[in-house]
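As structure tokens, the structure follows; a few thoughts come after it.
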Amino acid sequence: MGMDLYNADGGRYFRFSIGAWRSALALASEYGWEHWHTPAYYMVNDGQPVSADEADEIADALERALPNVPDEGPARSTVTPEEYQWAHEHGELPPDLTGEELRERMLQAVMSTTAAPEPERLEEEWAGSRDYLEKFVEFCRYGEFNVY
């Protein structure tokens, strides 16, 4: 179970586990993003839209947070959007990404908690996974997206 984000133009895709999605939004909020809707709006995956303007605000806030996200640390158990999409489309792991590490990451992504992040600083929740947040910022810059 996770949050699948599709740009309104249908050309781009991003995926978060539920826990990572919640953590990313909490981090954006900590760095100045103000929800346009109730927090619950963002936590269901009914295809609800996030406007281009709001996506830009999320990206701006996360860009302010990125310098404070530690380079080192246990990377979040994230599966890249490309890895997930391949697995979803083909019903198997990508040939060049098979192996115990990817299987473990996919399992952890599926089993991730839905609880709010508990680290004292949200930045540390993303330690070692700054690149994933950077990819999400890039995704947001493409404009409106829907959450499924």
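Points to keep in mind about this one:
- Within segment 20-38, residues that are outside any helix (DSSP H, G or I) sit with their Cβ atoms under 7 Å from residues that are of a type in the set (V, I, T) and surrounded by 15 or more Cβ atoms within 10 Å (Cβ to Cβ), at 6+ positions apart or across chains, in these pairs: W33/I58.
- Residues of segment 39-68 classified as in a helix (DSSP H, G or I) and in contact (Cβ under 8 Å) with a residue 24 or more places away in the chain, total: 15
No value in this document is a laboratory result; all are computed from the given coordinates. This structure is a prediction, so every number in the text was calculated from the model and none was measured. Cβ coordinates were reconstructed from backbone atoms using ideal geometry, including for glycine residues, and neighbour counts include every protein chain displayed.
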